[in-house]
Amino acid sequence: MIKLGIGGQIGAGKSEVAKMLQEFFIADGYPTVIIKADEVAWGLYFPGSPVYKRILKAFGENILDSQNQIDRKKLAQIVFSHRKHLNFLNQIVHPPLIKEICVKLKNSPQEIKILDAALLFMWGNKVPLDLRILVRAPNCQKIIRMKKKGFQPNEIKKRLSFQMDEDKMETLADFVIINDSSYKVLHERTYKLYQIIKAYFKEKLQLSS
């Protein structure tokens, strides 16, 4: 069993790198799953859950939609308006989120597990992983990608300002991929990293094949 973590700032391209690595492993016959931290987190927000109740208590019922579900956009508008709100939300969500991610990493039947998590480097060693990979990109390219996803200029500025510093992330990473060019170049760089990972875990992969 090999557990890889991929992190980076919003718009850096970490999910693309996760997908590419998954494709490379599967092509070589190694069952691989991607665990997306965002999806795990939203799975904790269901009505009546402890996380749901604490978020409502902290931010009020105005964040609910017509089905009494937490509205992501409404919640985001609040938490990205001031760092203290984001920190408060993180205090509520992170402990159960990390716990759930650890369960999924342990129980997923696939041999290779890839954790796609924007906050990977904020968590330190709380999530047990074999390698941590940072995806970096110039701000101009992050902004372009975020605009394509529908973010408004003021939202982009706020969200990027609240991100953990990339240089600090790099000190915690085992490998770094720079995503500053085309999809083709990113694919080539990710494949080179894949070859390094395969060599690094050669014995483990042989035992699992």
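Hey, does region 19-39 have a residue that's more than 25 Å from K192 (Cα to Cα) and without any contact (Cβ under 8 Å) to a residue 60 or more places away in the chain? Checked region 19-39: at least one residue is more than 25 Å from K192 (Cα to Cα) and without any contact (Cβ under 8 Å) to a residue 60 or more places away in the chain.
Tell me yes or no: at least one residue of region 4-14 is of a type in the set (A, V, I, L, M) and part of a helix (DSSP H, G or I). There is no residue in region 4-14 that is of a type in the set (A, V, I, L, M) and part of a helix (DSSP H, G or I). In this structure, P50 qualifies as farther than 26 Å from N154 by Cβ and in contact (Cβ under 8 Å) with a residue 24 or more places away in the chain. Taken together, the residues in region 56-74 that are more than 23 Å from L115 (Cβ to Cβ), part of a helix (DSSP H, G or I) and not aromatic (F, W, Y) amount to 8.
If you go through region 156-174 and keep only what is assigned to a helix (DSSP H, G or I), in contact with a Phe, Trp or Tyr (Cβ under 7 Å, 6 or more places away or on another chain) and not aliphatic (A, V, I, L, M), you end up with K158, R159. Any residue in region 175-188 that is in contact (Cβ under 8 Å) with a residue 24 or more places away in the chain and of a type in the set (D, E, K, R) sitting within a Cβ distance under 7 Å of a residue that is exposed (fewer than 15 other Cβ atoms within 10 Å of the Cβ) and not in a helix (DSSP H, G or I)? List the pairs, counting only those 6 or more apart or interchain. So the pair list comes out as D180/P138. Here R132 fulfils each of the conditions (1) among the basic types (K, R); (2) within 24 Å of P95 (Cβ to Cβ); (3) assigned to a helix (DSSP H, G or I) apart from (3).
Just so you know, in region 57-82 the residues that are of a type in the set (G, A, S) and more than 25 Å from the chain's Cα centre (by Cα) include one that is surrounded by the fewest Cβ atoms within 10 Å (Cβ to Cβ), and it is S66.
Yes/no matrix, rows are residues, columns are (1) at pLDDT 95 or above; (2) within 18 Å of the chain's Cα centre (by Cα):
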site: N125; (1), (2): no, yes
site: L131; (1), (2): yes, yes
site: L134; (1), (2): yes, yes
site: F162; (1), (2): no, yes
site: D180; (1), (2): yes, no
site: H187; (1), (2): yes, no
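The values are calculated or read from the model by the stated rules, or taken from the named source; none is laboratory data. On a predicted model such as this, the values are computed, not experimentally measured, just so you know. As a convention, Cβ positions derive from the backbone with ideal geometry for all residues, glycine included, and neighbour counts pool all protein chains shown.
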